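Some notes on the structure that comes next.
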Amino acid sequence: MSTQIEWTQETWNPIVGCTPISAGCENCYASRAAAGPWLFNHPKYKGLTKGGKWTGKIGYGTVKELEQPLRWKKPRMIFVESMGDLFHKDVPFEEIAKVFYIIAICYWHKFQILTKRPKRMLEFFKWIEKEKRGFWGGDFAVLCAHLPTKQYEEMIEPYLTYHARMRKHYHPDLPETPDKLGDAGIYFKWPLPNLWLGVTVENHDNIERIEYLRKTPAAKRFVSLEPLLDVVSIRCLTDNTGDRRYTDNLDWVIIGAETGPGRRICKLDWVRKIIGVCKFHYIPVFVKKLEINGKITGNMEDWSKNLRVREYPKQEIKNASM
């Protein structure tokens, strides 16, 4: 689905719903949208909100919705789960793995996952390692196991084709030998080259989320300071030593003021300080929206020059130990 989120190009929501867990959830735009006229009567969103707030229930889309990125032939940046948190405690790891499989075989796209639950995200990767699942493992047939035999055979064939293309893309020298769909993990290890993982940190109380992110394998690791409700300490953005040669800094930082009804203040001095820290440590920064003269604006012409920063990560891949 096309989006107005400035730092991505599409959103993809095969799983929706959430539970508020910290200060940044108070004025959640996603719960307001889910309760609005466009989505409230959609089967996937039924019962997920009450009074404009998430109820804690989780909704699942159709197989067609899960497969949506396969039908986007032009490469694009895709924000996964803008209407929920993929690592919510009530989303089984098996369901998360389905999403990761689609990400893996759609090698021509880049995917961004943002969570407030990085501890469970790290647990997911440990589960994959324990189950020896590569990046999916087991039998992908679970996606369409409920279908009659004929339909099952019709649906599984395209996945085999995409899997073969993915294998050739990453390992063109491998012989053309048939393989089980679930054996894809032998062709390369984590991190998936086209997957960026991030955490939301709205204030100093939640900086521990970054430490879980650092331990998680990702091609790019990023932090979203949106809604920014307080200045975030330099210690949570760097290696804690102040060494600007340090090579394992974060790959990207997004900064944004809270928007919508009941929004809380985001001081421009906080934003300037964070931009300065990131530049000192060579971390690309993307400033999304700010409050200027009492109005929220994403038009950089309305900002002072030292706030007009919209950078993206470099393309190299950084590894993480499991």
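Scanning the range 1-59 for residues that are assigned to a strand (DSSP E or B), at pLDDT below 95 and under 19 Å from the mean Cα position of the chain (by Cα) gives a single hit, 2.
One residue is enough: does the range 119-132 have a residue meeting the conditions surrounded by fewer than 19 Cβ atoms within 10 Å (Cβ to Cβ) and modelled with pLDDT under 60? Scanning the range 119-132 turns up at least one residue that is surrounded by fewer than 19 Cβ atoms within 10 Å (Cβ to Cβ) and modelled with pLDDT under 60.
Of the strands (runs of 3 or more DSSP E) lying entirely inside the range 251-318, those carrying at least 2 residues that are under 19 Å from residue 204 (Cα atoms) and in contact (Cβ under 8 Å) with a residue 40 or more places away in the chain are 252-255.
Flag: residue 78 does not match the condition of being surrounded by fewer than 16 Cβ atoms within 10 Å (Cβ to Cβ) and either modelled with pLDDT of 95 or more or assigned to a strand (DSSP E or B) (or both). Residue under question is residue 91, and the condition is that it be assigned to a loop (DSSP other than H, G, I, E, B), under 30 Å from residue 165 (Cα atoms) and at pLDDT 90 or above; does it hold? Here the answer is yes, as residue 91 does meet what is asked. Does any residue of the range 15-30 turn out to be on the phi > 0 side of the Ramachandran plot and touching a Leu at 6+ places or on another chain (Cβ under 7 Å)? Within the range 15-30, one or more residues are on the phi > 0 side of the Ramachandran plot and touching a Leu at 6+ places or on another chain (Cβ under 7 Å).
The values are calculated or read from the model by the stated rules, or taken from the named source; none is laboratory data. Computed from a prediction, not measured in an experiment: that's the story for all the values here. Neighbour counts run over all protein chains shown; Cβ positions are idealised from the backbone, glycine included.
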